[in-house]
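The values are calculated or read from the model by the stated rules, or taken from the named source; none is laboratory data. All values reported here derive from a predicted model rather than from experimental measurement. In this analysis, Cβ positions are derived from the backbone assuming ideal geometry, glycine residues included, and neighbour counts consider all displayed protein chains.
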Amino acid sequence: MQQIARSVALAFNNLPRPHRVMLGSLTVLTLAVAVWRPYVYHPSSAPIIKTIELEKSEIRSLLPEASEPIDQAAQEDEAIPQDELDDKTENEAGIHEYVVSTGDTLSSVLNQYGIDMGNISQLAAADKDLRNL
């Protein structure tokens, strides 16, 4: 251990003065950063958890007036009203669903919908943002 310390001291003393100053200041700075611990403010180490048990009559007083009652199930007759988008999808015969899985590329997904590579390259040439896809 003494031999290592001597060799380090000998190498340090053989350095030019600006190098020794820089090496010493960087060593002091590194040790100061390693020792320094910022103060972190913790207002409370454990949050206060309080359980409040309510009776059924008290639960309704906490709910907003426009909400549905908790103890009643949703009615079956309340269906979502049909709109023109539902009519369009019902009349479409060639609906094609595709699930993107691992290893699929953008071109393979678009080829499933009948878009070939020529059209994809034209889109990429026209729009800079699409080029990186």
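Entry remark, region 28-49: residues being surrounded by 10 or more Cβ atoms within 10 Å (Cβ to Cβ) and at pLDDT below 85 number 0 in total. Taken together, the residues in region 12-27 that are at pLDDT 90 or above and in a helix (DSSP H, G or I) amount to 11.
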